[in-house]
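Below: the structure, in structure tokens.
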Amino acid sequence: DAVIDRAYIGDDPLPRDRDAFTAQVKRARARLPAVAESALRMLGAIATEYQALSRTLAGMPAVQRTLAAEIRQQRDALVHPGFFTETPWEMLHHIPRYLQALGRRIERQSRNPDRDSRHAVQVAQWWARYADRVAAERRAGVVSPRLTSFRWLLEELRVSLFAQELRTPVPVSFKRVEKAWLELTRDG
């Protein structure tokens, strides 16, 4: 579904007449092989990082049970049945980096558990706000694109806090998250 959507619609406007539809189909046929190849590459990279993280989680000692549960929950929010279709196309190539960041967090947590815990609590509070808002919008029948963008900002925040060397494409901090949330709630 994701490949077909990207190849046939992509960033193009929806066709409004027969000629526009015919032109759209022609463009889609031309780009379908490239889109399929790109999707397979992304899926391969995601699967590689997912497996590596899953192996790390399986080997974690019992004393890290809470951290392991938290990381599993975050991993499963990224990669779950239907994720490839549900995730915006432009965000799919970031998922391997998000999975790597979760692995780095596991590696580093024992070096500074207080810092890790403090940041984890703050991110969890933001995630809870986000989840509540998503639930409310779904009940209303639509999830706004700005809320979807906020979700990915939270993933970038995790990278920034727990795996800085993986870099974020945009500057992100708790202040920026707060500002984005205020804009989101003010406008909607």
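Need one value: the accessible area of Ser54 in square angstrom, 1.4 angstrom probe, rounded to the nearest 10.
30 Å²
Measuring from centroid to centroid over Cα atoms, what is the spacing of region 75-143 and region 34-69 in Å?
After rounding, the separation between the Cα centres reads 14 Å.
Give the shape of region 1-108 as rounded, prolate or oblate, defined through the alpha-carbon gyration tensor: a ≥ b ≥ c are the square roots of its eigenvalues, a/c under 1.5 means rounded, and otherwise the shape is prolate if a/b is larger than b/c and oblate if not.
prolate
In Å², what does the accessible area per residue of region 1-139 work out to with a 1.4 Å probe?
62 Å²
Can you tell me the equivalent ellipsoid semi-axes for the chain? Use √(5λ) from the Cα gyration tensor, largest first, whole Å.
In descending order the semi-axes read 34, 22, 14 Å.
Given a 1.4 Å probe and the protein chains all in place, what does the accessible area of Phe21 round to, in Å² to the nearest 10?
Accessible area of Phe21: about 120 Å².
Before anything else, pin down the relative contact order of the chain: Cα pairs under 8 Å, at least 6 apart, normalised by residue count, whole percent.
Answer for the chain is 19 percent.
Leaving out ligands, DNA and RNA, what percent of the accessible area of region 77-188 is carbon and sulfur, probe 1.4 Å?
Whole-percent figure for carbon plus sulfur exposure: 53.
The values are calculated or read from the model by the stated rules, or taken from the named source; none is laboratory data. Since we're looking at a predicted model, the values are computed, not measured. Note: accessible area is taken over every heavy atom of the protein model, side chains too, but ligands, DNA and RNA are not part of it. Shrake-Rupley method; radii C 1.70, N 1.55, O 1.52, S 1.80 Å.
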